[in-house]
Amino acid sequence: MSNENLKERVRAFWQANPCGSKFTDAPLGSRQFYESVEQYRYKKEWHIPLAADFASTKGLKVLEIGCGLGIDGVQFARAGADYTGVDLTEAAVELAQRNFELLSLPGTFRTADAENLDFANDSFDLVYSHGVLHHTPNTAQAVKEIHRVLRSRGRAVVMLYHRDSYNYRINISILRRAGARLLKWPWGIKMVRRLTGEPLDSLHEHARQLKENQNGYFRSEEFLNRNTDGTGNPLTHVYSRREAGSLFQAFSEVELRTYFLNKRWMPLIGNMLSRSMESRLAARWGWHLWIYATK
């Protein structure tokens with residue numbers, strides 16, 4: 001499949017499933033909708049305000065690649081940044097713009113392809129992208145575009161999925177593979193539901209895909225796609241620290257940090273971890289690999 005065809009599949013998936021919208025039953029685009037998604041996001045991924053350091057962006061020209069519902073974008077705007085949000089999908093751009101309108105916050109929005117940004121060289125002080133660039137076919141090209149649109153000494157703050165994480169090495173590669181084999185039987189679906197809290201509709205969709213094409217379902221790339229951001233997700237990459245460093249080699253300074261343990265997939269002990277212990281474990285085995293790169 002060509003990169004353009006694959007990118008169109010990515011666009012279609014996220015157009016139908018705006019990032020974060022599945023975490024609330026509130027009416028789409030309502031104030032309650034945004035409030036509940038924001039509450040869920042910063043409760044589950046409580047490290048984000050610290051890692052992104054929204055508060056330090058006052059007066060900076062900030063570009064967010066993959067603005068989603070505008071949840072993080074709101075934090076930049078509240079901090080006083082001159083904020084621009086772009087996304088591959090019209091659905092996200094419209095919802096993010098609606099979020100800003102409800103809060104009477106200034107912001108600029110447009111649809112854009114991360115691999116071909118429609119901005120002049122040296123346009124931004126900060127480019128931020130959280131959990132987005134591992135879903136585009138040519139992540140390296142997207143990073144080149146970030147470098148191009150950043151001003152001298154401008155910073156990129158990017159989160160990519162971490163290959164050497166508990167979530168990838170243990171959860172996805174072992175536990176979810178074992179659990180998927182149970183989905184062939186109704187009692188297995190009930191057991192997986194009880195153990196993981198995974199929504200029944202998601203488990204039934206996994207079971208359907210498994211039945212249709214068992215060999216294809218368990219191929220490494222396809223299994224990763226299905227077990228990160230939804231059963232219909234067509235593309236996900238994961239990166240080691242070395243691979244991430246290579247992506248950002250054109251930058252003058254690069255720092256890597258890892259955050260976030262997917263505690264729901266840590267049997268017995270996940271919910272017993274204190275926040276300090278979680279932070280210590282995530283610093284080595286976290287699923288979210290944050291790259292801080294200075295041009």
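The values are calculated or read from the model by the stated rules, or taken from the named source; none is laboratory data. What you are looking at is a predicted structure, and each value in this text was computed from that prediction instead of being measured. With ideal geometry, Cβ positions are generated from the backbone for all residues, glycine too; neighbour counts draw on all protein chains shown.
The table below gives the values:
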quantity: Matching residues in the range 166-195 - criterion: being out of contact with any Leu (no Cβ under 7 Å at 6 or more places or on another chain) and either outside any helix (DSSP H, G or I) or more than 16 Å from PHE223 (Cβ to Cβ) (or both); calculated: TRP185, PRO186, TRP187, LYS190, ARG194, LEU195
quantity: Residue in the range 161-177 that is within 21 Å of LYS7 (Cβ to Cβ) and either touching a residue at least 12 places away in the same chain (Cβ under 8 Å) or of a type in the set (A, V, I, L, M) (or both) present; calculated: yes
quantity: Whichever residue in the range 196-229 is within 22 Å of VAL10 (Cβ to Cβ), of a type in the set (S, T, N, Q) and in a helix (DSSP H, G or I) and, among such residues, is modelled with the highest pLDDT; calculated: ASN225
quantity: The range 260-295: number of residues that are in contact with a Ser or Thr (Cβ under 8 Å, 6 or more places away or on another chain) and touching a residue at least 60 places away in the same chain (Cβ under 8 Å); calculated: 11
quantity: The one condition in (1) of a type in the set (Lys, Arg); (2) in the same structural domain as ASN138 (by TED's automatic domain parsing); (3) surrounded by fewer than 14 Cβ atoms within 10 Å (Cβ to Cβ) that ARG257 fails to fulfil; calculated: (3)
quantity: Qualifying residue in the range 93-104 (condition: crowded, with 22+ Cβ neighbours inside 10 Å, in contact with a strand residue (DSSP E or B) (Cβ under 6 Å, 6 or more places away or on another chain), under 23 Å from ARG153 (Cα atoms) and in the same structural domain as LYS7 (by TED's automatic domain parsing)); calculated: no
quantity: Options GLY80, GLY29, GLY59, GLY70; residue that is among the small types (Gly, Ala, Ser) and surrounded by 22 or more Cβ atoms within 10 Å (Cβ to Cβ); calculated: GLY70
quantity: Any helices (runs of 4 or more DSSP H) falling wholly within the range 56-149 and containing at least 2 residues that are touching a Ser or Thr at 6+ places or on another chain (Cβ under 9 Å), under 16 Å from ARG11 (Cα atoms) and not small (Gly, Ala, Ser); calculated: 90-103
quantity: Pairs, first of a type outside the set (Asp, Glu) in the range 197-213, second outside any helix (DSSP H, G or I), C-beta under 6 Å, six or more apart; calculated: HIS206/THR231
